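Report on one structure; see the data block that follows.
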Amino acid sequence: MDASILNAIEKDKVCAIIPARAGSKGVKNKNIRTLLGYPMIAYAIAASKMAKGVDRIIVSTDSEGYAEIARYYGAETPFLRPAEIAGDNSTDIEFMEHAINWLYQNEGKVPEYFLHMRPTYPMREVNVVEEAIVRMKADASATSLRSAHLASNTPYKWFNLREDGYYKSIRDDLTLDEANNPRQAFEDVYIPDGYVDVLRTSFIVNNDLMHGDKMIGYVVPGGVDVDAMKDLEYLEYYIAGHSCEVVKYLQENYKKLEDWRS
């Protein structure tokens with residue numbers, strides 16, 4: 001990336017960025033599928049709006065229809081993402097570098113921190129998002145922060161299948177019998193999720209990478225990352241029976257998607 005971007009970085013600013021391409025195949029139009037009448041993208045926007053320390057909210061999408069919905073629920077859509085970086089095989093670093101370059105070229109300034117909020121993880125506690133920002137800002141050596149939750153089962157007890165049909169331990173230093181030890185004999189393992197990431201612009205510009213080797217391990221409560229219809233169905237059931245500050249915020253401030261469209 002253009003190194004001159006480094007001179008345009010606003011050192012303490014935080015911009016929430018919400019990726020929402022329109023081409024999802026597992027669940028069609030996943031990013032705007034509704035939960036209790038509100039599109040999933042609205043949950044990410046609402047949590048970002050409620051979180052202290054967030055200076056602006058941008059949705060990166062390739063769809064003007066998605067952009068219109070995002071604007072109604074309180075986000076900015078200053079650009080549309082080019083189709084060539086909005087496909088099934090497109091990577092996160094592509095949309096991040098596109099956003100950074102666009103802000104630099106069109107506004108002449110870029111925030112130092114991006115709060116990466118995926119629409120597919122709608123149930124967040126706002127204080128958890130706020131603490132992620134605080135943690136990242138407090139660690140000058142951190143290249144990024146990424147949320148993860150404790151795995152209920154350790155992969156160290158799993159096996160690979162060799163070409164000759166016999167098992168081998170997933171770890172080279174474990175015999176098959178050692179891999180059968182109780183779960184408590186192994187170190188904890190954490191599964192990265194879509195709850196919240198915090199990215200450092202200067203690191204991205206200098207390295208063309210998103211996370212780097214000094215990624216803060218931010219342990220969060222478990223939740224649901226929507227990847228299939230059964231995930232949506234479970235969330236509908238769960239949200240209907242639990243108090244949720246993000247849902248309450250949406251209900252108090254915005255119409256449901258179908259009401260707004262009508």
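The values are calculated or read from the model by the stated rules, or taken from the named source; none is laboratory data. Since the model is a prediction, treat every value here as computed from it, not as a measurement. Reconstructed Cβ throughout: ideal geometry from the backbone, glycine too, with neighbour counts over all protein chains shown. Heavy atoms of the whole protein, side chains included, go into the accessibility calculation; ligands, DNA and RNA do not. Shrake-Rupley method; radii C 1.70, N 1.55, O 1.52, S 1.80 Å.
A few remarks follow.
- Partners of LYS168 within straight-line reach, counting lysines whose Cα lies under 29 Å from its Cα and excluding those fewer than 8 residues away in the same chain: LYS157.
- Highest-first arrangement of 4-12, 160-168, 75-83, where packing means the average Cβ count within 10 Å: 75-83, 4-12, 160-168
- Pairs exceeding 22 Å between alpha-carbon atoms, taken from LYS30/LYS230; LYS109/LYS255; LYS52/LYS137; LYS11/LYS52; LYS28/LYS52; LYS109/LYS137: LYS109/LYS255; LYS28/LYS52.
- Solvent-accessible area per residue for the stretch 162-262 (1.4 angstrom probe, square angstrom): 67 Å²
- Near GLY217: Cβ cut-off under 15 Å, other residues only, Lys/Arg at +1 and Asp/Glu at -1. The net charge is -4.
- In the stretch 95-191 the Cα-Cα distances spread across 10 Å bins starting at 0 as 12, 25, 24, 21, 14, 4, 0 percent of all pairs.
- Ranked by the mean number of other Cβ atoms within 10 Å of their residues, highest first, the peptides 180-188, 227-235, 13-21 fall in the order 13-21, 227-235, 180-188.
- Kirkwood hydrodynamic radius over Cα pairs of the stretch 14-126, then Stokes diffusion coefficient at 10 °C and 1.306 mPa s, in µm²/s: 113 µm²/s
- Largest-first ordering by accessible area, 1.4 Å probe, given options VAL224, VAL219: VAL219, VAL224
- For ALA140, net neighbour charge (Lys/Arg +1, Asp/Glu -1) across residues whose Cβ lies under 13 Å away: +2
- Computed over protein heavy atoms with a 1.4 Å probe, the carbon and sulfur contribution to the accessible area of the stretch 1-119 reaches 44%.
- Each helix, a run of at least 4 DSSP H residues, gives -39500 (n - 2.57); summed and divided by the residues of the chain, these come to -9500 deg cm²/dmol at 222 nm.
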